[in-house]
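The values are calculated or read from the model by the stated rules, or taken from the named source; none is laboratory data. Source: prediction; values computed, not measured. Note that each Cβ is placed from the backbone with ideal geometry, even for glycine, and that neighbours are counted across all protein chains shown.
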Amino acid sequence: MSQVLHPYFCLSGKFDPNEITRLLEIQPSRVKRIGDPGPPDAIGPRLGAEWCWQPEDDDSDHVGDQLAYLAGALSLKRERVADLSKKFFGTFHVYNQVSGINRDWFLSADTLRRIADLHVDIECENIRVTQDEEVRNDVR
C-alpha cells in the first residue's frame, strides 16, 4: 500500500507564525517566516509567511473523510480560524491519489457547511501513483 497524502490547512500572508500558534492554540506542522530563504529559484528571501497544520492522528485513506476530519478539528476554533482565513488567505490543500482507476470522492453537506463557516478555500490536486511508486513506498 502506498503512503497516503493527507490534506492540510495553511495560512499565507504577512504575519508572525508564533502569533498564529498563540491565537489558535495549535502547534503547526511547519512554518515559513518572512525573511527565510525562498525557494531555490527565488531572487531573495520570503516576503510572506506560512503557517500550516496537518492532523497527525487522521488515518483515513479517503479524501472526503480526511477533509471532514480536518474541517471538524478546525471547527472547534471556528471563529478564530474564519477571522484568520479571511485576513491571511486560509486554504485546505487536498490530494486525490489515483492509481490505475480514478477514485471518486465526495463531501457531505455537513462538511461543506463547516468549510464554508471556516472561510477556507480548497486547492485540489490529483496525484497519479504508478504501480512502481507504490512498490517503492511499500519497501520504505
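Residues considered: ALA73, ALA49. Of these, the only one that is touching a Lys or Arg at 6+ places or on another chain (Cβ under 6 Å), at pLDDT 90 or above and of a type in the set (A, V, I, L, M, F, W, C) is ALA49. Taking the conditions exactly as written (over 18 Å from GLU123 (Cβ atoms), modelled with pLDDT under 90 and not aliphatic (A, V, I, L, M)), does ASP16 satisfy them or not? Against the criterion (over 18 Å from GLU123 (Cβ atoms), modelled with pLDDT under 90 and not aliphatic (A, V, I, L, M)), ASP16 does not qualify. The set of residues in segment 35-50 that are within 18 Å of PHE15 (Cα to Cα) and among the charged types (D, E, K, R) comprises ASP36, ARG46, GLU50. When segment 19-44 is filtered for residues that are at pLDDT 90 or above and in contact with a Lys or Arg (Cβ under 9 Å, 6 or more places away or on another chain), the ones remaining, listed by number, are LEU23, LEU24, GLU25, ILE26, LYS32, ARG33, ILE34, GLY35, ASP36. Kindly indicate the residue of segment 86-106 that is within 22 Å of GLU25 (Cβ to Cβ) and touching a Leu at 6+ places or on another chain (Cβ under 6 Å) and also surrounded by the most Cβ atoms within 10 Å (Cβ to Cβ) among those meeting that condition. Checking each candidate, the answer is GLY90.
Taking the numbered list (1) part of a helix (DSSP H, G or I); (2) at pLDDT below 80; (3) exposed (fewer than 12 other Cβ atoms within 10 Å of the Cβ) in turn, ASN126 passes all entries but (1). In segment 2-13, what residues are modelled with pLDDT of 95 or more and surrounded by fewer than 19 Cβ atoms within 10 Å (Cβ to Cβ)? Once the filter is applied, which keeps residues that are modelled with pLDDT of 95 or more and surrounded by fewer than 19 Cβ atoms within 10 Å (Cβ to Cβ), segment 2-13 yields SER12, GLY13. Within segment 48-71, residues that are touching a residue at least 40 places away in the same chain (Cβ under 8 Å) have Cβ atoms under 6 Å from residues that are among the acidic types (Asp, Glu) in these pairs: GLN66/ASP58, counting only partners at least 6 apart in sequence or on another chain.
The lone criterion from (1) under 26 Å from ALA109 (Cα atoms); (2) aliphatic (A, V, I, L, M); (3) in contact with a helix residue (DSSP H, G or I) (Cβ under 6 Å, 6 or more places away or on another chain) left unmet by VAL31 is number (1). Looking only at residues that are within 14 Å of LYS87 (Cβ to Cβ) and not β-branched (Val, Ile, Thr) in segment 18-30, which one is surrounded by the most Cβ atoms within 10 Å (Cβ to Cβ)? If we take residues in segment 18-30 being within 14 Å of LYS87 (Cβ to Cβ) and not β-branched (Val, Ile, Thr), then LEU24 is surrounded by the most Cβ atoms within 10 Å (Cβ to Cβ).
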